[in-house]
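This report refers to the structure that appears directly beneath it.
The values are calculated or read from the model by the stated rules, or taken from the named source; none is laboratory data. Keep in mind that what you see is a predicted model, and the values were worked out from it rather than measured. Positions of Cβ are backbone-derived with ideal geometry, glycine not excepted, and every protein chain shown enters the neighbour counts. What goes into the accessible areas is simple: the full protein's heavy atoms, side chains included, and nothing from ligands, DNA or RNA. Shrake-Rupley method; radii C 1.70, N 1.55, O 1.52, S 1.80 Å.
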Amino acid sequence: MAQPLIELNSVNKWFGSLHVLRDVNLTVDRGEVVVVIGPSGSGKSTLCRAINRLETINSGTITFDGQPLPAEGRALARLRADVGMVFQSFNLFAHLTILQNVTLGPIKVRGESKANARERAMQLLERVGIANQADKYPAQLSGGQQQRAAIARALAMQPKAMLFDEPTSALDPEMVGEVLEVMTSLAAGGMTMIVVTHEMGFARHAAKRVVFMADGELVEQAAPAEFFGNPQSERAKDFLSKVLQH
Amino acid sequence: MNVLWEQFPVFRDGFLLTFQLSFLSAIGALLVGTLVAVLRISPVPPLRWLGTSYVNLFRNIPLTAVFVFVVVGLPLLGSSADFLKIPGLDQIFTRLGIDLPYFRFSIIALSLYTAAFVCEALRSGINAVPSGQAEAARSIGLTFTQNLRFIVLPQAWRAAIVPLGSVIIAMIKNSAIAGFMGLYGDLSSRGQELVSAGVNGVTYPLIPVFIAISLGFLIMTVPLGLLLDRIEKNRMVKAR
Ligand SMILES: Nc1ncnc2c1ncn2[C@@H]1O[C@H](COP(=O)(O)OP(=O)(O)OP(=O)(O)O)[C@@H](O)[C@H]1O
Ligand SMILES: [Mg+2]
């Protein structure tokens, strides 16, 4: 069997005395889409952020593409360039245009030529449907457009995997669809994705596996149909009954 | 107030030198201050410590003391700050190139002192940049230095420009000390000369001379202040 792209082994993380990741084991294969759900404060964001080392862990190991995560410096920067991250609050560079947001990484990190980076960026912006916004600044765009730009910025690095931390939670309801659409097509295109979300529809249709977290523990994981149809743990049942009621 | 008209060339020359001193010191202070700010936020603890010590030292001693350390201390160490005899620049600012070192010493003292305040203004600007910006930059693989250079500092500069302006205005006024610390030819030293030695045996009273000196400073500081007000107003309009 091929080696998994992302592998977490007995990962533990504390914030002071708060144990936010408890002995987490998780493997993600190439091309796999894993949706992480769970109640607020269960450690989903921390899990995501640990994978590109925006958050350090206290014990256990994380390997990406066969390599343990580098501790710091250029090696860490290289790893991060290979892992796309999409944040709840978009975090587009406020002083740069959308096009500059997308080309900055390829030019400064990958050493791509400006013309080349620009051409690829325009293709990506086309793909997420905001090519006509390329010369605007982030503040001039709607939330949905900003998040699609942020996805294009991450894709421009040609990452091996993409991490999404509640990418639609900060959006007005009418804009959620346009972002999920982009993510769904990415998933269909074979991108390896870890997606933290409360969008159960996306989990059902786009995920290969659903991972349920509670209190820092990875409580259960299963294919979406199985997880939603027949949750095993009490906590998952309880969580689903609350979420699906609405 | 006749002194201003009678001795206008003296004040004009003094003004020009004070202007040059302020201009060069502002550049020096911005450069050193940015460097110290980078040290203060560096991930390397000894560098951070160095930056913090710098600010705590220079922010908390009188400018006069800094001048004494530079003007008396550097010659004791065998330096007359020749590194400031920058080719090309010394053609425009001719006082940079001459053998008397006091113009260069004054630039150094003012730059070092003001850099501490520049650092703090910049740091407040850096703190005003949301942490998500640096985080997003890290997540696409920018190194610490690239992150600062392309993402954090450009935004911090914008947030810091008004406080930085106040720092520079204070520095321009502080430059008046140079004339009492060995520098000859700036507004305050030329003014002093009119009071004590006079011109062709005529001395002038202190108050009118210093009113004229103050006018010279107002010509530099008031427009700068107005410019800052405009920048601030523009920013408020944009933020709406
Ligand atoms: N930087 C931090 N310092 C201290 N505690 C933190 C920090 N970041 C997160 N925590 C705490 O760690 C726990 C897990 O946080 P995390 O953000 O991973 O949860 P989450 O599952 O993403 O929650 P949400 O659904 O609200 O986003 C929470 O109790 C949170 O308060
Ligand atoms: Mg979260």
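Has the range A:112-128 got any residue that is among the small types (Gly, Ala, Ser), open to solvent by 30 Å² or more (accessible area, probe 1.4 Å) and within 14 Å of another protein chain (Cβ to nearest Cβ)? Scanning the range A:112-128 turns up no residue that is among the small types (Gly, Ala, Ser), open to solvent by 30 Å² or more (accessible area, probe 1.4 Å) and within 14 Å of another protein chain (Cβ to nearest Cβ). Restricting attention to the range B:118-145 and to residues that are in a loop (DSSP other than H, G, I, E, B) and over 19 Å from A:Gly73 (Cβ atoms), the residue that is least open to solvent (accessible area, probe 1.4 Å) turns out to be B:Val129. Is at least one residue of the range A:202-216 in contact (Cβ under 8 Å) with a residue 40 or more places away in the chain, assigned to a strand (DSSP E or B), closer than 14 Å to A:Asn25 by Cβ and over 18 Å from the mean Cα position of the chain (by Cα)? Within the range A:202-216, not a single residue is in contact (Cβ under 8 Å) with a residue 40 or more places away in the chain, assigned to a strand (DSSP E or B), closer than 14 Å to A:Asn25 by Cβ and over 18 Å from the mean Cα position of the chain (by Cα). Selection within the range B:46-101: residues that are surrounded by 12 or more Cβ atoms within 10 Å (Cβ to Cβ) and among the aromatic types (Phe, Trp, Tyr). The member of this set that is farthest from B:Arg123 (Cα to Cα) is B:Phe93. Look at (1) farther than 20 Å from B:Phe144 by Cβ; (2) open to solvent by 40 Å² or more (accessible area, probe 1.4 Å); (3) within 15 Å of the chain's Cα centre (by Cα); (4) away from ligand 2 (no atom under 16 Å from the Cβ) and you find that A:Arg53 fails only one, number (1). Considered as a group, the residues in the range A:148-169 that are within 16 Å of ligand 1 (Cβ to nearest atom) and over 17 Å from A:Gly189 (Cβ atoms) include one that is nearest to the other protein chains (Cβ to nearest Cβ), and that residue is A:Asp165.
Here A:Pro173 does not qualify as open to solvent by 10 Å² or more (accessible area, probe 1.4 Å) and under 20 Å from A:Asp65 (Cβ atoms). If you go through the range A:186-227 and keep only what is touching a Lys or Arg at 6+ places or on another chain (Cβ under 9 Å), more than 16 Å from ligand 1 (Cβ to nearest atom) and open to solvent by less than 20 Å² (accessible area, probe 1.4 Å), you end up with A:Ala187, A:Thr192, A:Ala222, A:Pro224, A:Phe227.
For the range A:64-94, residues that are in contact (Cβ under 8 Å) with a residue 40 or more places away in the chain, within 25 Å of A:Glu32 (Cβ to Cβ) and surrounded by fewer than 21 Cβ atoms within 10 Å (Cβ to Cβ) total 4. Entry remark, the range A:18-62: residues being within 10 Å of ligand 1 (Cβ to nearest atom) and either over 20 Å from A:Val210 (Cβ atoms) or not hydroxyl-bearing (Ser, Thr, Tyr) (or both) number 16 in total. Please indicate, with yes or no, whether at least one residue in the range B:197-211 is under 18 Å from the mean Cα position of the chain (by Cα) and away from chain A (no Cβ under 14 Å). So far as the range B:197-211 goes, no, none of its residues is under 18 Å from the mean Cα position of the chain (by Cα) and away from chain A (no Cβ under 14 Å). Could you list, in sequence order, the residues of the range A:25-46 that are under 13 Å from A:Thr197 (Cα atoms) and outside any loop (DSSP other than H, G, I, E, B)? Scanning the range A:25-46 gives A:Val33, A:Val34, A:Val35, A:Val36, A:Ile37, A:Lys44, A:Ser45.
For first residues located in the range A:37-53 and within 13 Å of A:Arg22 (Cα to Cα), partners that are within 9 Å of ligand 2 (Cβ to nearest atom) and lie 6+ apart or on another chain with Cβ distances below 6 Å form the pairs A:Lys44/A:Val196.
In the range A:107-136, the residues that are among the acidic types (Asp, Glu) reach residues that are surrounded by 13 or more Cβ atoms within 10 Å (Cβ to Cβ) with C-beta atoms within less than 6 angstrom, at least six apart or across chains, in these pairs: A:Glu112/A:Pro106; A:Asp135/A:Thr97. Every condition in (1) of a type outside the set (D, E, K, R); (2) open to solvent by less than 40 Å² (accessible area, probe 1.4 Å); (3) within 16 Å of ligand 1 (Cβ to nearest atom) is met by A:Thr97 except one, and the failing one is (3). Looking across the range A:63-88, the residues that are in a loop (DSSP other than H, G, I, E, B) and in contact with a Ser or Thr (Cβ under 9 Å, 6 or more places away or on another chain) come down to A:Leu69, A:Ala71, A:Phe87, A:Gln88.
A Cβ distance below 7 Å, combined with a sequence gap of six or more or placement on separate chains, defines the contacts here; from the range B:156-184, residues that are more than 14 Å from chain A (Cβ to nearest Cβ) and in contact (Cβ under 8 Å) with a residue 24 or more places away in the chain reach residues that are charged (D, E, K, R) and open to solvent by 40 Å² or more (accessible area, probe 1.4 Å) in the pairs B:Val162/B:Glu232.
Of the candidates B:Ala37, B:Ala26, the single residue that is open to solvent by less than 30 Å² (accessible area, probe 1.4 Å) and farther than 20 Å from B:Leu183 by Cβ is B:Ala37.
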